[in-house]
Amino acid sequence: MSGFKRGLALIACAGLVACGSGEPIRIGFIGGLSDRNSDVGQSGERGVQLAVERINRAGGINGRQVELVSRDDAQDPAVAARSAGELAAAGVEAVIGPFTSGMAAAILPVTAKAGILNISPTLTAMDYYGKDDNLVRINRTTRDNATDYARVMFARGQRRVAVAYDTRNLKFTESWLAEFRQAYAAAGGRLAGEVPYHSQPDADFAGVVRAMLKEHPDGLFFISGAIDVARLAKEARAQAPGLPIGASEWAATEQLLDLGGHMVDGLLIVLNFDGDDESPRFVEFREAYYRRFQRDPGYSSISAYDAATVLFEALRRRRGDEPVKAAVLNYGPYQGLQQRIAFDANGDTQRKVFFNEIRDGRFRPLAVDPR
């Protein structure tokens, strides 16, 4: 039986505890687990692992255990396409991922051909918004985030900001920059420089910052992953120690705090979760995550856990041969760790975000309203 036909057979009996041999329901995961910005993918995989372990302890989905099949996209299109093909061949019901817009272009055509739905915890680029395709997203868009950043930064007195952006994840960074450029101009500000660079271990980060400073901006902003933001912040503190710095949500991982140290103190960044939330649901998750992985959860792990929650509930309630995407759209809204998740007809959603400033090695929420 082909992987696709085998997947259809699994769908047909998903709601029946006694169906077949009780074979597990296979769920795919794909993300960057070995590249320069692997912190996002690794954190996301941990969130999904925790969700799988929890549902299996509770008896699985309609009596069937869940089996997680993980693949690395290595932030390389060829690897990503090959890994997506391996997930399709494994007969997974759906795939949690991809985690970066740059890899989505390689992954989505492969899974679409196999009739497999992708649920992305973190994808935001406008290329994937408003389309009836094989993708649903747990995150808001680059337009939403960039617009809010523009308003907050302008309100904090920044009128001329220079931006650096990583071309390795160009679908995300160009989308983010385009939306920010428009929203910042509408607020009354202007960009004092747009500096592209290619993320790699020997990248000239000092040169990137020098180029950002040529037009004497009153702020620096980085559309980059955590490892690069840490190095860019170090150069910014050396070359322009008094200048405000900020970074897009892509960098808001635990690795930014670990690598940045005191160099990222004062950096403005947005999180799509409330780190100070003391609700019983979130506290219990945070403590369970720490016990399992000996670290605190970040935005990627929280969003991935929410993606798994949505998928498992949709599979539990799916009827007969109902497509997975239809089930996801039909049975919401879903209760995430902190927010209710409701999709429109294309699988897009909204998500509340929280502006933070890094101080003393922690993300500290700011009392700001971007509206």
Give me the pairs: first residue in region 270-284 and within 18 Å of Val152 (Cβ to Cβ) and modelled with pLDDT under 95, second residue part of a strand (DSSP E or B) and among the small types (Gly, Ala, Ser), beta-carbon distance under 8 Å, and six or more apart or on different chains, which are they? none
From the list Val40, Val17, which one is of a type in the set (A, V, I, L, M), assigned to a helix (DSSP H, G or I) and at pLDDT below 95? Val40
In region 34-67, anything open to solvent by 40 Å² or more (accessible area, probe 1.4 Å) and under 19 Å from the mean Cα position of the chain (by Cα) is listed as Ser34, Arg36, Gln42, Gln49
The condition of being farther than 30 Å from Glu179 by Cβ and either open to solvent by 30 Å² or more (accessible area, probe 1.4 Å) or within 22 Å of the chain's Cα centre (by Cα) (or both) holds, among Phe282, Phe312, only for Phe312
Can you report the number of residues in region 64-99 which are in a helix (DSSP H, G or I) and closer than 24 Å to Asp39 by Cβ? 10
Answer residue from region 260-269, given it is in a helix (DSSP H, G or I) and open to solvent by 30 Å² or more (accessible area, probe 1.4 Å) and is nearest to Thr173 (Cα to Cα) among those: Met263
Among residues of region 219-259 being open to solvent by 50 Å² or more (accessible area, probe 1.4 Å) and outside any helix (DSSP H, G or I), the residue farthest from Ser34 (Cα to Cα) is Gly242
Here are Gly130, Gly102, Gly115: which of them is under 23 Å from Gln182 (Cβ atoms), open to solvent by 10 Å² or more (accessible area, probe 1.4 Å) and not in a helix (DSSP H, G or I)? Gly130
Among all residue pairs at least 6 apart or on different chains, which show Cβ distances below 8 Å where the first residue, located in region 141-159, is farther than 20 Å from Tyr128 by Cα and the second is of a type in the set (Ser, Thr, Tyr) and not in a helix (DSSP H, G or I)? Tyr149/Ser248
Look through Val328, Val283, Val353 and report the one residue that is under 22 Å from Ile25 (Cβ atoms) and among the β-branched types (Val, Ile, Thr). Val328
Considering every residue within region 143-152, establish whether at least one is touching a Gly at 6+ places or on another chain (Cβ under 8 Å), acidic (Asp, Glu), open to solvent by less than 20 Å² (accessible area, probe 1.4 Å) and not in a strand (DSSP E or B). no
Got a sec? Which of Arg351, Arg292 is open to solvent by 20 Å² or more (accessible area, probe 1.4 Å) and either under 18 Å from Gln42 (Cα atoms) or touching a helix residue (DSSP H, G or I) at 6+ places or on another chain (Cβ under 9 Å) (or both)? Arg292
Within 20 Å of the chain's Cα centre (by Cα) and closer than 24 Å to Lys352 by Cβ: is that true of Ala226 in this structure? yes
Quick test of your reading of the structure: Lys171 fulfils all but one of (1) surrounded by 22 or more Cβ atoms within 10 Å (Cβ to Cβ); (2) assigned to a helix (DSSP H, G or I). Name the failing condition by number. (1)
β-branched (Val, Ile, Thr) and crowded, with 20+ Cβ neighbours inside 10 Å - does that describe any residue in region 181-202? no
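The values are calculated or read from the model by the stated rules, or taken from the named source; none is laboratory data. All values derive from a computational prediction rather than experimental measurement. So basically every Cβ, Gly included, is an ideal-geometry build from the backbone, and we count neighbours across all protein chains shown. Ligands, DNA and RNA are stripped out before the accessible areas are found, and what is left, the full protein with its side chains, is counted by its heavy atoms. Shrake-Rupley method; radii C 1.70, N 1.55, O 1.52, S 1.80 Å.
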